[in-house]
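Visitor: Encoded as structure tokens, here's the structure I'll be asking about.
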Amino acid sequence: MTTISNNDTLFARAQKTTPGGVNSPVRAFRSVGGTPRFITRAEGPYFWDADDKRYIDYIGSWGPAIVGHAHPQVVKAVQEAATRGLSFGAPTQGEVEMAEEICRLVPSLEQVRLVSSGTEATMSALRLARGATGRDKIVKFEGCYHGHADSLLVKAGSGLLTFGNPTSAGVPEDFVKHTLVLDYNNVAQLEEAFANFGDEIACVIIEPVAGNMNLIKANADFLQATRDLCTRHGALLIFDEVMCGFRVALGGAQELYGIKPDLTALGKVIGGGLPVAAFGGSAQLMSNMAPLGAVYQAGTLSGNPVAVAAGMTTLKLIQEPGFYERLGATAERLAAGLTAAAKEAGVVFCADAVGGMFGLYFSATPPNNYAEMMAGDRERFNVFFHAMLDEGVYFAPAAFEAGFVSAQHSDAVIDETIAAASRVFKKLA
Ligand code: PLP
């Protein structure tokens, strides 16, 4: 007798009323195959699906859950804020405090505007860059994902790669004719682009630690060259730290690399699991934003008081002494343990980590750009993914995604994961 799982039932129902049964494509398990797990609850490093199976969760809501799921202090702050009212459409003290805190923690920021998603943050930063420079062209890098705004949805990573189509349909040629797409970590190409179009380029937007074509770190000299070329040609440098902000270090990738961008986009961690994102830069640049300047951007739920309460509590928790040392050690322990387990089994595999982010690669060395990432053995990843899922370990359901640990992933949880991977690698060998 076959048992029908609650996940299967929910997925069948979901597909009737929601395209592909999901509200964000990469949740659909399209590249790994099978039925997505419908999650009913989460706590610490775990979540449970509709069949009440427990998983060690390594996506952490794709980044936000850095202090672990349902952290009691975050939940309490949300409950208290909710009792005072859900949304006002007028400014609050919480928004003031949050802007102050973000500007204090992120080296390049003097002012921020709060928005509700990473997409809004990058889209608005881009508009600001164009408005402030009076130029149209933008540079992005292949495999970097900056949300789903038209001009950024070109050769992007993440969910788009899952469908083998890194550029979305429905984006008119005219909208993207100003978008130059270059190879990540390639200084020569960037120099050439600036040599050809230097006085037309409004900005370069980059994930300084890329997490949407698996995990790929920018080389320090590449980032420095990007900074220098932008400065020399009067273009603005935008760090999209929606994923790596407050994730690879308290001050984000800009603190880690010691490089200051002109504009920064943030999201994920700063909402602590609720929708808060932000973009910002110097007070002078931000003075181009309405109501002061001519660059328009707005949001009904921007700076929502309940979301801000979750975000502020999360920002407090990540400043506890030793937080990032522990988080980094956790991700390192996982990466080293998985690499050793694969080696022992004779499987070509390696893993890498930076701060609380990690990458799993079915290749001998970590990739340096999109093409190298695509050369990895994705079929093997899919088999590995499902075998780990059976073991109760939930990695991102695509070979193109980074993974995340939280402060609640104890050494015991990591070691349980490595032991499971050991069994799986032996079967893969
Ligand atoms: N930028 C980066 C680097 C991201 O990783 C993402 C989402 O994964 C976004 C922007 C878009 O953020 P959101 O999904 O909140 O719109």
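Please treat every number below as a calculation from the coordinates, not as lab data. The structure presented is a predicted model; accordingly, all values stated were derived computationally and were not measured. As a convention, Cβ positions derive from the backbone with ideal geometry for all residues, glycine included, and neighbour counts pool all protein chains shown.
Visitor: Starting with the fewest neighbours, write out 3, 314 ranked by other beta-carbon atoms found within 10 Å of each beta-carbon.
Guide: 3, 314
Visitor: Alpha carbon centre of region 357-429 versus region 273-313: separation in Å?
Guide: 35 Å
Visitor: So, one more: In which sequence would 237, 317, 190 go, from the one with the fewest C-beta neighbours within 10 Å to the one with the most?
Guide: Least crowded to most crowded, the residues run 317, 190, 237.
Visitor: Okay, next question. Which longest uninterrupted range of the chain lacks any trypsin sites (Lys or Arg not before Pro) assigned by DSSP to a loop state (not H, G, I, E or B) and surrounded by at most 14 other Cβ atoms within 10 Å?
Guide: The reported range is 178-429.
Visitor: Could you calculate the FRET efficiency of residue 298 with residue 323 from 1/(1 + (r/R0)^6), where r is the beta carbon distance between them and R0 is 30 Å, rounded to 0.05?
Guide: The value I calculate is 0.30.
Visitor: Take every Cα pair under 8 Å in region 240-394 that's 6+ residues apart, average their separations, divide by the length, and report that relative contact order as a whole percent.
Guide: Answer for region 240-394 is 16 percent.
Visitor: May I ask you to work out the translational diffusion coefficient for the chain at 20 °C, viscosity 1.002 mPa s, via Stokes-Einstein with Rh from the Kirkwood sum over Cα pairs, reported in whole µm²/s?
Guide: Roughly 97 µm²/s, to the nearest whole number.
Visitor: Can you put 114, 152 in order of Cβ neighbours within 10 angstrom, beginning with the fewest?
Guide: Exposure proxy ranking, most exposed first: 152, 114.
Visitor: How big is the gap, in Å, between the Cα center of region 167-192 and the Cα center of region 56-88?
Guide: Computed from Cα coordinates, the inter-centre distance equals 36 Å.
Visitor: What are the DSSP H helices in the chain that stretch 24 Å or more along their long axis, judged by alpha-carbon atoms, and whose average Kyte-Doolittle hydropathy comes to at least -1.0?
Guide: TM-like helix candidates: 323-345, 411-428.
Visitor: If you don't mind, another one. So if R0 is 22 Å, what FRET efficiency would residue 41 and residue 410 give, r being the distance between their Cβ atoms, rounded to the nearest 0.05?
Guide: Using R0 = 22 Å, I get an efficiency of 0.70.
Visitor: Would you work out which of 3, 356, 373 lies farthest towards the positive end of the dipole of the chain? Charges go on Cβ: Lys and Arg +1, Asp and Glu -1.
Guide: 3
Visitor: What percent antiparallel are the DSSP beta bridges of the chain, to the nearest 5?
Guide: Close to 60 percent.
Visitor: Right, next: Residues with amide H under 5 Å of residue 410's amide H, sequence separation 5 or more or different chain, H placed in the peptide plane at 1.01 Å from N; which?
Guide: Answer set, sorted by chain and number: none.
Visitor: Could you tell me which residue out of 210, 87, 424 lies farthest along the dipole of the chain toward its positive end? Charges go on the beta carbon: Lys and Arg +1, Asp and Glu -1, centred on the Cα centre.
Guide: In the chain, that residue is 87.
Visitor: In debye, nearest 20, what is the charge dipole magnitude of the chain about its Cα centre with +1 on Lys and Arg Cβ and -1 on Asp and Glu Cβ, if you could check?
Guide: Value, rounded to 20: 680 debye.
Visitor: While we're looking at this one, here's another question. Most mobile of 278, 188, 28 per a Gaussian network model of the chain (Cα springs, under 10 Å)?
Guide: Residue with maximal mean-square fluctuation among 278, 188, 28: 188.
Visitor: If the chain between residue 15 and residue 220 were fully stretched, how many nm would it gain, using 0.36 nm times the residue separation less the Cα-Cα distance?
Guide: Computed gain between residue 15 and residue 220 is 69.3 nm.
Visitor: Given 0.36 nm per residue, what is the gain on full extension from residue 380 to residue 290 after removing their alpha carbon distance, in nm?
Guide: Residue separation times 0.36 nm, minus the Cα-Cα distance, leaves 27.4 nm.
Visitor: Okay, next question. In vacuum, with every alpha carbon of region 330-429 counted as one equal point scatterer, what does the Debye formula give for log10 I(q)/I(0) at q = 0.10, 0.11, 0.15 Å⁻¹? Two decimals, please.
Guide: Taken in order of the listed q values, log10 I(q)/I(0) reads -0.23, -0.28, -0.53.
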